[in-house]
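Data block below; observations after.
Nothing in this text is a laboratory measurement; each read-out follows from the coordinates by a stated rule. All values derive from a computational prediction rather than experimental measurement. Cβ: placed from backbone, ideal geometry, glycine included. Neighbour counts: every protein chain shown.
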Amino acid sequence: MREVLIEDFKQLTERNIPWNELRDKTFLITGATGLVGSLLVRCLLYANETINLNAKVYAVVRNTDKADRIFEDEKTDALSYIVADLATEKVCCEGECDYIIHAAAVTASKLMVSDPVGTIRTSIDGTEKMLQLAVEKKVRAFIYISSMEIYGQPKTEGRTAEKDLGYVDIETVRSCYPEGKRMCECMCTAYAAQYGVNVISARLAQTFGAGILPTENRVFAQFARSAVNGENIVLHTTGESEGNYVYTADAIAAILTLLVKGEAGKAYNIANEESHITIRNMAELVAKEIAGSKIQAVIDIPEDSASLGYAPPVKMWLDASKMRALGWKPEVGLVDAYKRMIRWME
Ligand SMILES: NC(=O)c1ccc[n+]([C@@H]2O[C@H](COP(=O)([O-])OP(=O)(O)OC[C@H]3O[C@@H](n4cnc5c(N)ncnc54)[C@H](O)[C@@H]3O)[C@@H](O)[C@H]2O)c1
């Protein structure tokens, strides 16, 4: 495993995370070959080696070859794969399971607009299957990984807290993603109320950092690649969208905290409140601070930009006070997040 990730995981094992309550438990993680899921798996396996966590991890994946490549340095008896396409298949888990973290979802904007039905099916059917498994296994906690996109365009002035649901235009195809997440959160609340599942929704701000996959193509990875390659950052929108970001290890710390401290049926924003910026300003920041002003941010909106599936512009400043009240606080800001991600990429 590369140095920068080891640093992140070492710091995570030293952080204010309820590690003792998580000891000797079994975790089932969906989306385990994705950014968030793979880091959760790796972090738990690292904690096995270093702080004797004694965790058993089931990684739900569609492609075991991909999983083998991602976890090639971490293969141990503590890690098993469960192969399932959550849009169509059930997850068969023979043994006991203490915690489920459901991170699988369609996340590529292009796919959201080219396969909106599949995006919704993965969301709704996949989440319901996982909640049913949670009932069957009588899990201690279930974390649904949601998104700040569920807020749509917030109506309120000032910070957006968990109750401030905004507008989502359901006549726009791209809304399959936020609207699917909204329904999943609603289903989580329903399972908490009706079946007593201790289910918590974790609404992530845009999350990036060390540990991104080589195939990653979201805007943060594109900006970082431009900086590394000394090429101008080309924006395909006017870049007015204004939102929050959170570093990968900070997000992992929050998710692990919620497993023990989250309240059933409730949602929590996971965001670095200071990492708040427009896309355009972020591109300029990367050009200046990361590429030493050797590149520039330029706007070039393609004619077929609708097919790229960019989310509509929003102005949102997430309030993370509910998460902070659980003792969590983010530790890595935007510029350091880029520096650490680039160290990992290189
Ligand atoms: N990274 C972010 O910026 C961010 C921000 C907000 C919310 N989220 C949410 O966090 C979760 C994890 O996102 P990520 O950044 O790791 O994305 P990712 O694209 O890296 O990972 C998503 C994972 O889901 C899996 N998946 C997709 N469809 C599936 C299906 N039908 N069956 C089984 N697995 C399937 C993929 O194989 C992948 O492993 C997602 O729910 C996403 O919506 C991420």
Query - Span from the the stretch 280-343 Cα centroid across to the the stretch 191-244 one, whole angstrom - result: 8
Query raised in the report: In whole Å and largest first, what semi-axes does the C-alpha gyration tensor of the chain yield when each eigenvalue is scaled by 5 and square-rooted?
Result: 30, 24, 20
**Report entry** DSSP-assigned coil residues among GluC sites (Glu not before Pro) in the stretch 1-83, each with at most 11 further Cβ atoms within 10 Å
**Finding:** E72
Report summary line: Footprinting proxy, D319, D8, D24: sorted fewest to most Cβ within 10 Å, the residues are D24, D319, D8
Query raised in the report: Taking the Cα centre of each part, how many Å lie between the stretch 37-81 and the stretch 254-275?
Result: 23
Query raised in the report: Convex hull over the Cα atoms of the stretch 112-187, averaged projected area in nm²?
Result: 5.7
Report task. Report the GluC sites (Glu not before Pro) located in the stretch 120-186 that are in a DSSP loop and have at most 16 other Cβ atoms inside 10 Å of their Cβ, or state none. Result -> E157, E171
**Report entry** Max mean-square fluctuation residue, GNM over the chain, Cα-Cα springs under 10 Å, options A311, A325, A224
**Finding:** A325
Requested in this report: For the chain, set up a Gaussian network in which alpha carbons nearer than 10 Å are linked by springs, and say which option among N20, N217, N63 fluctuates the most.
Outcome: N20
**Report entry** Electrostatic dipole magnitude of the chain [Cβ: Lys, Arg +1; Asp, Glu -1; Cα centre; debye, to 20]
**Finding:** 480
**Report entry** Share antiparallel - DSSP beta bridges, the chain, percent rounded to 5
**Finding:** 10
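Apply the Kirkwood formula to the stretch 1-63: the hydrodynamic radius equals the inverse of the mean of 1/r over all pairs of different alpha-carbon atoms; give it in Å with one decimal.
12.0
For the stretch 115-196, run through the trypsin sites (Lys or Arg not before Pro) and keep only the ones in DSSP coil with at most 10 other Cβ atoms within 10 Å of their Cβ. Before the final figure, lay out each step's value.
Numbers: sites: R121, K129, K137, K138, R140, K155, R159, K163, R174, K181, R182; in loops: K138, R140, K155, R159, K163.
Counting only loop positions with at most 10 other Cβ atoms within 10 Å, the trypsin sites (Lys or Arg not before Pro) in the stretch 115-196 are K163.
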Requested in this report: Enter the per residue convex hull volume of the stretch 93-137, computed from alpha-carbon coordinates, in Å³ rounded to the nearest integer.
Outcome: 64
Report summary line: Kirkwood Rh over alpha-carbon pairs of the stretch 243-313 plugged into Stokes-Einstein at 25 °C, 0.890 mPa s gives a D in µm²/s of 160
Query - DSSP beta bridges in the stretch 193-336 [antiparallel fraction, %, rounded to 5] - result: 25
Query raised in the report: Taking the convex hull of the alpha carbon atoms in the stretch 27-159, what volume per residue do you get, in Å³?
Result: 147
Report task. Treat each spin label as a single point 7 Å out from the Cα along the C-beta direction, and report the Q153 to E240 distance in nm. Result -> 0.9
Query raised in the report: Between V298 and L213, what is the spin-label point distance in nm, taking each point 7 Å from the Cα along the Cα→C-beta axis?
Result: 3.2
Requested in this report: Give the cross-link partners of K155 among the lysines, using a straight C-alpha distance below 18 Å as the criterion and excluding same-chain residues fewer than 8 apart.
Outcome: K163, K315
Query raised in the report: Can you give the helix-only mean residue ellipticity at 222 nm for the chain, where every DSSP H stretch with n ≥ 4 adds -39500 (n - 2.57) and the sum goes over all residues, rounded to the nearest 500 deg cm²/dmol?
Result: -12000 deg cm²/dmol
